[in-house]
Amino acid sequence: MHCFAQSDRGSVRKENQDRAACAHIRRRGCTIAVVCDGMGGAAGGKLASDLAASMFLADFRREMQAGIAVEPAMRHACDAANRAVYDRACADPDLHGMGTTIVGGVIKSGGSGYIINVGDSRAYYISRKNDAITQITRDHSLVEELVEFGAITKEQARVHPQRNVITRALGSEASVDADYYDFSLQNGDFLLMCSDGLSNMVSDLEMLEYAKEYPEPELLCRALMSKALKRGAKDNVTVLAVMK
């Protein structure tokens, strides 16, 4: 399993409040990856994403080494990440209101894949063989609800003035509901995870075209990042790719 992540503050923001990381848990034959997009002011947003990503990875590793199955281990790790951010925000008035999105992915050596998410950072499954891209996650956002209600189209959602308003985040409450998905990764396929700084700048079809042109995680991430930056990148941009 090959993994690469890249993050940039973009062309407008003064600080990067995104965080991405991946690690191999060789004893359990799996790769774990996470992308977080912080919010809540300069200090709060960065701290929230750092705390969440670090806690998610550490807690999941502990759960797996204790022999816990993937789904409960991911849910426990997400709850631990939420509690870490929430407790820190409660302890410091200057950090009140901080939070972060999270999308976490686990790929086993055989190709079984698992995703957990809160917020609007996304996970995509890209099949180069079938020339197809599928968004695995569902955004927890205002515009996603408007799309589901039929009030706006997906194209309108991409440029809607409230497209960055999320309806669920880590750290906002003492507990959080996370969505969980499973899928299968075949040889040569990609799991692509990103913050909305990428998905607001680069379309799904463009992601697919780049995946066909750049068949390595690092090459794909760098190409997508370059495209987002060339288009102005008004937000932090983070992209992570895992390839079987």
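What to note about this one:
- Unit charges on C-beta of K, R, D, E only; dipole of the chain, Debye: 680
- The trypsin sites (Lys or Arg not before Pro) found in segment 1-67 that occupy coil by DSSP, while having at most 13 further C-beta atoms within 10 Å, are LYS14.
- Applying a 4.7 Å cutoff between beta carbons, the unpaired cysteines of the chain are CYS30, CYS36, CYS78, CYS90, CYS194, CYS221.
- If R0 equals 22 Å, the separation of the Cβ atoms of ILE25 and GLU216 corresponds to a calculated FRET efficiency of about 0.50.
- Here LYS230 is the anchor, and the lysines within straight C-alpha reach of less than 26 Å, apart from those fewer than 8 places off in the same chain, are LYS14, LYS46, LYS154, LYS212.
- Inter-label distance, GLU209 to GLU145: 3.5 nm, where each label sits 7 Å from its Cα along the C-beta direction.
- Within the listed set SER127, SER49, SER184, the residue fluctuating most in the Gaussian network model of the chain (springs between alpha-carbon atoms under 10 angstrom) is SER184.
- Rounded to the nearest whole Hz, the Karplus-based 3J(HN,Hα) values (6.51 cos²θ - 1.76 cosθ + 1.60, θ = phi - 60°) of segment 189-199 follow the sequence 7, 10, 9, 10, 10, 7, 7, 5, x, 8, 5, with x at glycine and proline.
- Added length on full extension, which subtracts the Cα-Cα distance from 0.36 nm per residue, ARG75 to LYS230: 52.1 nm
- Relative contact order [Cα under 8 Å, 6+ residues apart], the chain, whole percent: 27
- Local electrostatic count at MET1 - Lys and Arg +1, Asp and Glu -1, tallied over other residues with Cβ under 12 Å: +2
- If you run the Gaussian network model on the chain, springs between alpha carbon atoms under 10 Å, then out of GLY40, GLY197, GLY105 the most flexible one is GLY40.
- Legend: helices of the chain (whole DSSP H runs) are marked when their alpha-carbon atoms reach 15 angstrom or more along the helix axis and their mean Kyte-Doolittle hydropathy is at least 0.0; marked are 41-65, 217-230.
- Share of carbon and sulfur in the accessible heavy-atom surface of segment 86-132 [1.4 Å probe, %]: 42
- Largest GNM mean-square fluctuation among ASN187, ASN82, ASN117, using the chain with Cα springs under 10 Å: ASN187.
The values are calculated or read from the model by the stated rules, or taken from the named source; none is laboratory data. Remember, it's a predicted structure, so these values are computed and weren't measured experimentally. Don't worry about glycine lacking a Cβ; one is built from the backbone with ideal geometry, like all the others, and counts go over all protein chains shown. Surface areas here come from the heavy atoms of the whole protein model, side chains and all, with no ligands, DNA or RNA. Shrake-Rupley method; radii C 1.70, N 1.55, O 1.52, S 1.80 Å.
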